[in-house]
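The values are calculated or read from the model by the stated rules, or taken from the named source; none is laboratory data. Note that this is a predicted model, so its numbers are computed, not measured. Because the Cβ atoms are built from the backbone with ideal geometry, glycine has one as well, and the counts that use them run over all protein chains shown.
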Amino acid sequence: MRSPQQFQTSSLLNPPNKQRNTDRMIQIRRLSSTDSRFDEALGRLLAFEDEQDAAVDAAAAEILADIKKRGDEALLGYTRRFDHLDAGSMAELELPHDRMQSALQSLPADQRSALTEAAARVRAYHEKQLMQSWSYVEPDGTLLGQQITPLDRVGLYVPGGKASYPSSVLMNAIPAKVAGVGELIMVTPTPRGETSDLVLAAAAICNVDRIFTIGGAQAIGALAYGTHTVPQVDKIVGPGNAYVAAAKRRVFGVVGIDMLAGPSEILVICDGKTNPDWIAMDLFSQAEHDELAQAILLSPDPVFIDAVAASIARQLEAMSRKRVIHTSLEGRGALIQVRDLDEACAIANRIAPEHLELSVEQPENWMTKIRHAGAIFLGRYTSEALGDYCAGPNHVLPTSGTARFSSPLGVYDFQKRSSIIQVSAEASARLGRIASTLAHGEGLQAHAMSAEYRFQNSAAAIPDGSGSSISEPIALPPRL
């Protein structure tokens, strides 16, 4: 292990210069919670505004308007322009089912096995999230309940070309299918006809219904508004570039979207007893995503922090994405010394990270102190990377502190809840008087009279004139 002195650190309140030479020794913030200006420094570290590029937003808006107006014709034009794919008709941009199956069969055995097992684990976990319809009957015969129904149609955006993200297919498609979504439409760009067999194989495993080889803001517009060929969906999920994100933001309200995700994040709380190389690599695992990704370590052990710092410096040179990792760790990373693990948990709740590793003894005891985190990884052997691919829980998680009020993507995001109310004649009289009184108080005459008609003329309102309820309370099936 290299000497900790070889790892240069920046001062508490002066982050590294943004103009970085990634060939020199990495510099990363070293903070201490005992410093009088720690709160200020932590606030600066966490400050991140996803500044919407005006030019990107304007371009996305223009494309969306064009897709809404010209449909398939515009789609073909943008595909020709951006993906350099000259299709004569939209039929050429829909992949047949046998193409998905052939992609699955063409995979090397180890990849096919890994993909299949990962899908099975993701499916098993998400099946436990299914919401069920429920109801109960009050003594006067009134039935109240909640009916659960799946969305009719969902669109899934998957980055395409040489990029290969089969895990995104699994994490978005499987919960939709488990929820019972009627039709799942996948869109993925294929620049110059380039496709990923891994992505198509994942689509086959997930039983994706249709795939269109379109991408960008134009694909989002097609899913949101519908065209002659691409059916309109009820919700759009999946990651994409800045134009895709801008388009999703603009069509929200016309359709639902999963979330507006920021850069990847990892926060590691460690008691100082885990191999420092493991922790350094865990920090790398998120830093390699994006230069704006954030990787933070909290530990009460200064010697351990030095060891992790030395490991970062030593291991970085061997990483294929070392420039991205270097920029990410210098710009938004930090190694923070805390007083104890209790304080570490309190700081973690302030950060509300996307991924939180509790690399400590008896992590289950500390888990109860965590209120805000997208996913919590317990114990020294639970690397965040397992959650990205195959542990089972979803890897689509809230970022940028939104774990304070948001949850991971799940089956529940593809199900809707409808309130069910069935009132007997007896209950109509009692509840009607309550409703009438409150409606008059709000100055809503028709509301009041609507309730009053039913208890003032209850016998006349019922076809047989008996004044009794005309039907028995319904029983809701667990899942519709």
Query raised in the report: All but one of (1) farther than 20 Å from Ser285 by Cα; (2) outside any helix (DSSP H, G or I) hold for Ser450; which doesn't?
Result: (2)
Report task. Considering each of Ser428, Ser458, Ser406, Ser466 in turn, give the residue that is outside the structural domain of Ala119 (by TED's automatic domain parsing) and modelled with pLDDT of 95 or more. Result -> Ser406
Query raised in the report: Within region 226-241, can you find the residues that are over 14 Å from the mean Cα position of the chain (by Cα), more than 16 Å from Val181 (Cα to Cα) and surrounded by fewer than 19 Cβ atoms within 10 Å (Cβ to Cβ)?
Result: Gly226, His228, Thr229, Asn241
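For region 353-369, enumerate the residues that are surrounded by fewer than 18 Cβ atoms within 10 Å (Cβ to Cβ) and farther than 18 Å from Thr274 by Cα.
Across region 353-369, the qualifying residues are Thr368, Lys369.
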**Report entry** Subset of region 200-214 (residues that are farther than 16 Å from Pro159 by Cα, in a loop (DSSP other than H, G, I, E, B), in contact with a helix residue (DSSP H, G or I) (Cβ under 7 Å, 6 or more places away or on another chain) and not polar (S, T, N, Q))
**Finding:** Cys206
Query raised in the report: Among Ala295, Ala309, Ala287, which is the only one that is crowded, with 19+ Cβ neighbours inside 10 Å, over 30 Å from Gly410 (Cβ atoms) and among the small types (Gly, Ala, Ser)?
Result: Ala309
Query raised in the report: Which of the residues belonging to region 176-198 are free of Cβ contacts under 8 Å to residues at least 60 places away in the same chain and in a helix (DSSP H, G or I)?
Result: Lys177
Report task. Give region 242-255 a look and list any residue that's small (Gly, Ala, Ser) and surrounded by 19 or more Cβ atoms within 10 Å (Cβ to Cβ), or say none. Result -> Ala245, Ala246, Ala247
Query raised in the report: Going by the conditions given, is Ile148 farther than 30 Å from Trp134 by Cα, modelled with pLDDT of 95 or more and touching a Lys or Arg at 6+ places or on another chain (Cβ under 9 Å)?
Result: no
Report task. Check region 251-268 and report whether any residue there is under 26 Å from Leu184 (Cα atoms), part of a helix (DSSP H, G or I) and assigned by TED's automatic domain parsing to the domain that holds Gly215. Result -> yes
Report summary line: By residue number, the members of region 163-189 that are buried (at least 22 other Cβ atoms within 10 Å of the Cβ) and not hydrophobic (A, V, I, L, M, F, W, C) are Pro166, Ser168, Asn172, Pro175, Thr188, Pro189
Query raised in the report: Within the bounds of region 185-201, is there any residue that is among the charged types (D, E, K, R), over 18 Å from Val251 (Cβ atoms) and in contact with a Gly (Cβ under 6 Å, 6 or more places away or on another chain)?
Result: yes
Query raised in the report: Could you say whether any residue in region 19-39 is outside the structural domain of Ile312 (by TED's automatic domain parsing) and either in a loop (DSSP other than H, G, I, E, B) or at pLDDT below 95 (or both)?
Result: no
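Identify, please: which residue in region 120-162 is of a type in the set (Phe, Trp, Tyr) and more than 22 Å from Pro239 (Cα to Cα) and is, among those, surrounded by the fewest Cβ atoms within 10 Å (Cβ to Cβ)?
So in region 120-162, the residues of a type in the set (Phe, Trp, Tyr) come out as 125, 134, 136, 157.
Among the residues that remain, those that are also more than 22 Å from Pro239 (Cα to Cα) are: 134, 136.
On the way: Trp134: 13, Tyr136: 10.
Within region 120-162, the match that is surrounded by the fewest Cβ atoms within 10 Å (Cβ to Cβ) is Tyr136.
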Requested in this report: Would you mind telling me which numbered condition in (1) assigned to a helix (DSSP H, G or I); (2) within 24 Å of the chain's Cα centre (by Cα); (3) of a type in the set (Ser, Thr, Tyr) Ser436 fails?
Outcome: (2)
Query raised in the report: Can you find even one residue in region 115-124 that is within 16 Å of Ala201 (Cα to Cα) and in contact with an Asp or Glu (Cβ under 8 Å, 6 or more places away or on another chain)?
Result: no
Query raised in the report: Can you find a residue in region 258-268 that is acidic (Asp, Glu), within 26 Å of Gly238 (Cβ to Cβ), surrounded by fewer than 22 Cβ atoms within 10 Å (Cβ to Cβ) and touching an Asp or Glu at 6+ places or on another chain (Cβ under 8 Å)?
Result: yes
Report task. Would you mind telling me which numbered condition in (1) among the aliphatic types (A, V, I, L, M); (2) surrounded by 18 or more Cβ atoms within 10 Å (Cβ to Cβ); (3) out of contact with any strand residue (DSSP E or B) (no Cβ under 9 Å at 6 or more places or on another chain) Ala373 fails? Result -> (3)
**Report entry** Matching entry among Val423, Val396 (being more than 21 Å from the chain's Cα centre (by Cα) and buried (at least 18 other Cβ atoms within 10 Å of the Cβ))
**Finding:** Val423
Query - Val411 vs. criteria of a type in the set (Val, Ile, Thr) and surrounded by fewer than 21 Cβ atoms within 10 Å (Cβ to Cβ) - result: no
